[in-house]
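Quick notes on the structure that follows.
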Amino acid sequence: QVQLVESGGGLVQAGGSLRLSCAASGSIFSINAMTWYRQAPGKQRELVALITSSGRLNYADSVKGRFTISRDNAKNTVYLQMNSLNPEDTAVYYCNVIATMSSRGLPSAYWGQGTQVTVSS
């Protein structure tokens, strides 16, 4: 099994910054894509940012130029640096990891418990 522990959420004023972290642990053979999603009240969960094992990046249009995703493969950790936050960024942020448990295993998706980000105006 893979466990994901998220941290870094909180309350911040508009224009401020936060840095989210998501650390994966367990019997991990390899990690492929690492992704941040968010879900605001009454809305569907949406992709925020993705980073593949080769370093390819993908961002939602609403966060381009403000958010930066990165990963530390040695620590099995993914980060989300969020700058110029606005109230529309308020949501629960979830980490998603595609990981393989062995060299012959199939990749599976794992989710973190979510961390609340609240941006006040």
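Residue check: is GLN113 within 18 Å of GLN39 (Cα to Cα) and assigned to a loop (DSSP other than H, G, I, E, B)? In short, yes.
For (1) crowded, with 17+ Cβ neighbours inside 10 Å; (2) aromatic (Phe, Trp, Tyr); (3) in contact (Cβ under 8 Å) with a residue 40 or more places away in the chain, each residue gets a yes or a no:
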{"position": "GLY8", "(1), (2), (3)": "no, no, yes"}
{"position": "TYR37", "(1), (2), (3)": "yes, yes, yes"}
{"position": "ALA40", "(1), (2), (3)": "no, no, yes"}
{"position": "PHE67", "(1), (2), (3)": "yes, yes, no"}
{"position": "TYR79", "(1), (2), (3)": "yes, yes, yes"}
{"position": "LEU85", "(1), (2), (3)": "yes, no, yes"}
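If you check ASN58, ASN32 for being closer than 20 Å to TYR110 by Cβ, assigned to a strand (DSSP E or B), touching a residue at least 12 places away in the same chain (Cβ under 8 Å) and open to solvent by 20 Å² or more (accessible area, probe 1.4 Å), only one passes: ASN32. So, of the residues in the range 106-121 that are buried (at least 18 other Cβ atoms within 10 Å of the Cβ) and among the aliphatic types (A, V, I, L, M), which turns out to be nearest to THR52 (Cα to Cα)? Residue satisfying both the conditions and the ranking: VAL117. Restricting SER53, SER102 to those that are within 13 Å of THR35 (Cβ to Cβ), open to solvent by 40 Å² or more (accessible area, probe 1.4 Å) and in a loop (DSSP other than H, G, I, E, B) reduces the list to SER53. The set of residues in the range 16-29 being part of a strand (DSSP E or B), among the polar types (S, T, N, Q) and open to solvent by 40 Å² or more (accessible area, probe 1.4 Å) consists of SER25 alone.
The values are calculated or read from the model by the stated rules, or taken from the named source; none is laboratory data. Please read these numbers as outputs of a predicted model, since none were measured by experiment. No Cβ is skipped: glycine too gets one built from the backbone with ideal geometry, and neighbour counts run over all protein chains shown. The accessibility values were calculated without ligands, DNA or RNA, using every heavy atom of the protein model including side chains. Shrake-Rupley method; radii C 1.70, N 1.55, O 1.52, S 1.80 Å.
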